[in-house]
Amino acid sequence: MGCDGGTIPKRHELVKGPKKVEKVDKNAELAAKWRYCALSQEKLKRPIVACELGRLYNKDAIIEYLLDKSAERPNSEVVAHIRSIKEVKELNLTDNPAWEGERHNIKGDCYEDMHCSMFICPVVGLEMNGKHK
């Protein structure tokens, strides 16, 4: 039945191959871009601004960055192209009526739909979660 000393191991059982690179989930990455500030990694809250590259930021995080550039921040390369508050535009986003936010799942014991976004397009009505162009 095997393991009695008479078995001959095959090469793939003895030699370890190279480790597989972990792939980033594209859906999770898109959801993070539309839910979290690119600079502070906090949840997006109004007022929200966008740069020319399409990244979303909390306006207070951008102002803090511009006022105090001497402080070392882990994500300073994300905003290195922003030199003044005029280079970002404040967004007037429409709230999504289907989004329940944190008030629905306070304890963390319920299912939270990660594909439901906080904002919708005011013209078409599609959710702004990065899946639609």
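The values are calculated or read from the model by the stated rules, or taken from the named source; none is laboratory data. Note that this is a predicted model, so its numbers are computed, not measured. Here the Cβ is made from the backbone with ideal geometry for all residues, glycine too, and neighbour counts use every protein chain on show. Calculation scope for accessible area: heavy atoms of the full protein, side chains included, ligands and nucleic acids excluded. Shrake-Rupley method; radii C 1.70, N 1.55, O 1.52, S 1.80 Å.
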What about Glu52, is it modelled with pLDDT of 90 or more and in a loop (DSSP other than H, G, I, E, B)?
yes
Could you tell me which numbered condition Met114 fails, if it satisfies all but one of (1) modelled with pLDDT under 75; (2) of a type in the set (A, V, I, L, M); (3) over 21 Å from the mean Cα position of the chain (by Cα); (4) surrounded by 12 or more Cβ atoms within 10 Å (Cβ to Cβ)?
(3)
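Given the options Lys59, Lys33, name the one that is open to solvent by less than 60 Å² (accessible area, probe 1.4 Å), among the basic types (Lys, Arg) and within 27 Å of Lys131 (Cα to Cα). Step through it out loud before you land on a result.
On the way: Lys33 fails: open to solvent by less than 60 Å² (accessible area, probe 1.4 Å).
None of the other options fit; the residue is Lys59.
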Note on region 93-111: residues at pLDDT 80 or above and polar (S, T, N, Q) are Thr94, Asn96
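For residues in region 73-92 being among the charged types (D, E, K, R) and surrounded by 14 or more Cβ atoms within 10 Å (Cβ to Cβ), which is modelled with the lowest pLDDT?
Of the residues in region 73-92, the ones among the charged types (D, E, K, R) are 73, 77, 83, 86-87, 89-90.
Those left that are additionally surrounded by 14 or more Cβ atoms within 10 Å (Cβ to Cβ): 73, 87.
Numbers: Arg73: 72, Glu87: 94.
Across region 73-92, the extreme among qualifying residues is Arg73.
Could you list, in sequence order, the residues of region 82-96 that are in a loop (DSSP other than H, G, I, E, B), under 14 Å from Ile63 (Cα atoms) and touching a residue at least 24 places away in the same chain (Cβ under 8 Å)? Full working, then the answer.
Kept after step one, since they are in a loop (DSSP other than H, G, I, E, B), are these residues of region 82-96: 82-84, 88, 91-93, 96.
When the remaining residues are screened for being under 14 Å from Ile63 (Cα atoms), the result is 82-84, 88.
Listed by number, the residues that qualify are Ile82, Val88.
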One residue is enough: does region 13-25 have a residue meeting the conditions surrounded by 12 or more Cβ atoms within 10 Å (Cβ to Cβ) and either aromatic (Phe, Trp, Tyr) or under 25 Å from Ser117 (Cβ atoms) (or both)?
no
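Could you tell me which of the residues Ser70, Ser40 is outside any helix (DSSP H, G or I) and surrounded by 14 or more Cβ atoms within 10 Å (Cβ to Cβ)?
Working: Ser70 fails: surrounded by 14 or more Cβ atoms within 10 Å (Cβ to Cβ).
Of the residues listed, the single one that is outside any helix (DSSP H, G or I) and surrounded by 14 or more Cβ atoms within 10 Å (Cβ to Cβ) is Ser40.
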